[in-house]
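**Q** My questions will all concern the structure given below.
The values are calculated or read from the model by the stated rules, or taken from the named source; none is laboratory data. Since the model is a prediction, treat every value here as computed from it, not as a measurement. Methodologically, a virtual Cβ is constructed for each residue, glycine included, from the backbone with ideal geometry; neighbour enumeration extends over all protein chains shown.
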Amino acid sequence: MISLISPSEINNPTSIAIGSFDGLHAGHRKLIESVVEENKYTPTIASFWPHPREVLYKETRLRLDLPDEKLPVLEDLGIEQLVLIPFDKRLSTLSADSFVRDILINQLQAKNICVGANFKFGFRRSGNINTIKNIIKDSDIKLKITPILEDKEGRISSSRIRDLLQNSDLKNAFKILKRPYCFNGKVVKGKGIGKSIGWPTANLEIDGRKFLPGEGVYAAWTTIENSNKKIASIMNLGSQPTINPLLPSAVEVHLINNEINLYGLNLSVEPVEKLRSQIQFDNVDQLSKQIKKDRDDALKIFKNHKK
C-alpha cells in the first residue's frame, strides 16, 4: 500500500510534485501522469500539513480529501508515497531558492520535478517555475510543467468543486473529480427519535476538517467498514428543524430496508442526488410521511444510478 510519511522517511531519489492536491481532480491527474511516467525514480506527492493559510492567516481550510483518504486514489494513479511536510512559521520564511535547494533537492532528493504552470512557492510566494529552472540548469534534474487544465466552464480547480458541492451539484462535481465524492464517519449514539417514528438513523461523527456538501436531504450510498457492499440510503445533512431547531448541524443516515446495529462502526457515505431542502413540519407524523416519500424518491434515483 502507498505510504503516508514524513520527509525523513522518504524513499529516494524521487519523481515528485508538490501541492495540496485537494480533491485529486482532473487537473491534478494530469500533473500526476508527469510524475509517474518518469519511472526511474520513486513517484511521490508532497503536501504541506497543515495548509499554509491555516498557519499564516488562521483560516479554517476544510479539505475535500483528508490525507489518509487520498492514499487509495493516489495508489490507483501510480503514486508510491505521500509525504506530509510540516508547515510552520519557520518554514514560511524560507526563501524560494532555499526551498528548492534544501527541501526539493537535498531533503526530497528530487530528480524529476513536476509543477503546474502557475506554481508559486517560498517566502511570500516569491518563487515560480523560472526560479526552479535557474537552480537546476546545470544539473541532471528534470523540470516538467503542466498547463492549467480548463473546460468549457473555465479553470478546473478545488475551489470550483467546493462551490458545486455547496450547491449540491454532485453530478458536475463528479465530472471534475472523476470519481464519486464521499466522506467517512463513526456511528455515535443519538436520541433515538428516528427509530421512535419508524425511521432509524445512524448519527455520524465527521472529522471537523472535512468539507461537506450543502445542507439538505440526499439519496446516498452507504458502505459499512470492512464491506464492499453499497446500501441504498437517505442522508440528512444539517439541523433538525421539526425535532429541535436549536440542535447543531449533524449527519444522519437511514439505511433503506436494512436493520443493522451500527454503533461504533465507521461508515462511508456517497451522496448521489439532493432530494429536497430541510423543512420544518408541524408534527412528527408529517415528518414521517415526508421521509417515506424521500425513501420512494431515493429508490427511483438508485434504479438509474450505477453503484
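**Q** Could you give me the residue pairs with C-beta distances under 9 Å whose first residue belongs to the range 62-80 and is over 23 Å from R209 (Cα atoms), whose second residue is of a type in the set (S, T, N, Q) wherever it lies, and which are 6+ apart or on separate chains?
**A** G78/N39; I79/T44; E80/S3; E80/N11; E80/T42; E80/T44
**Q** (1) buried (at least 19 other Cβ atoms within 10 Å of the Cβ); (2) not in a helix (DSSP H, G or I): which one isn't true of L143, the others all being true?
**A** L143 satisfies every listed condition except (1).
**Q** For I85, state whether it is assigned to a strand (DSSP E or B), touching a strand residue (DSSP E or B) at 6+ places or on another chain (Cβ under 6 Å) and crowded, with 17+ Cβ neighbours inside 10 Å.
**A** Working: assigned to a strand (DSSP E or B): yes; touching a strand residue (DSSP E or B) at 6+ places or on another chain (Cβ under 6 Å): yes; crowded, with 17+ Cβ neighbours inside 10 Å: no.
Judged against the criteria, I85 is not a match.
**Q** Can you list residue pairs whose Cβ atoms sit under 6 Å apart, with the first residue in the range 163-180 being free of Cβ contacts under 8 Å to residues at least 60 places away in the same chain and not assigned by TED's automatic domain parsing to the domain that holds K30 and the second being assigned to a helix (DSSP H, G or I) and surrounded by fewer than 15 Cβ atoms within 10 Å (Cβ to Cβ)? Count only pairs 6 or more apart in sequence or on different chains.
**A** Going by the 6 Å Cβ cut-off, there are no qualifying pairs.
**Q** Answer yes if at least one residue in the range 50-66 is over 15 Å from C114 (Cβ atoms), surrounded by 22 or more Cβ atoms within 10 Å (Cβ to Cβ), in contact with an Asp or Glu (Cβ under 6 Å, 6 or more places away or on another chain) and hydrophobic (A, V, I, L, M, F, W, C), and no otherwise.
**A** Yes.
**Q** Now a separate question. What pairs come up if the first residue lies in the range 198-210 and is among the acidic types (D, E), the second is outside any loop (DSSP other than H, G, I, E, B), and their beta carbons are under 8 Å apart, counting only those six or more places apart or on different chains?
**A** Note: pairs meeting the criteria are E205/G185; E205/K186; E205/V187; E205/V188; D207/N184; D207/G185.
**Q** What helices (runs of 4 or more DSSP H), lying completely within the range 148-262, carry at least 3 residues that are surrounded by fewer than 21 Cβ atoms within 10 Å (Cβ to Cβ) and either among the polar types (S, T, N, Q) or modelled with pLDDT of 90 or more (or both)? Please lay out each step first, then the result.
**A** Values: elements: 158-166, 170-177, 193-196.
Helices (runs of 4 or more DSSP H) meeting the threshold: 158-166, 170-177.
**Q** Where in the range 17-79 are the helices (runs of 4 or more DSSP H), entirely inside, with at least 1 residues that are farther than 26 Å from G185 by Cα and assigned by TED's automatic domain parsing to the domain that holds R90?
**A** By residue number, 26-36, 52-57.
**Q** Here's a follow-up. Just to be sure before I move on: is I135 under 26 Å from I16 (Cβ atoms), part of a helix (DSSP H, G or I), within 14 Å of the chain's Cα centre (by Cα) and touching a residue at least 24 places away in the same chain (Cβ under 8 Å) in the structure I sent?
**A** Numbers: under 26 Å from I16 (Cβ atoms): yes; part of a helix (DSSP H, G or I): yes; within 14 Å of the chain's Cα centre (by Cα): no; touching a residue at least 24 places away in the same chain (Cβ under 8 Å): yes.
It is false that I135 is under 26 Å from I16 (Cβ atoms), part of a helix (DSSP H, G or I), within 14 Å of the chain's Cα centre (by Cα) and touching a residue at least 24 places away in the same chain (Cβ under 8 Å).
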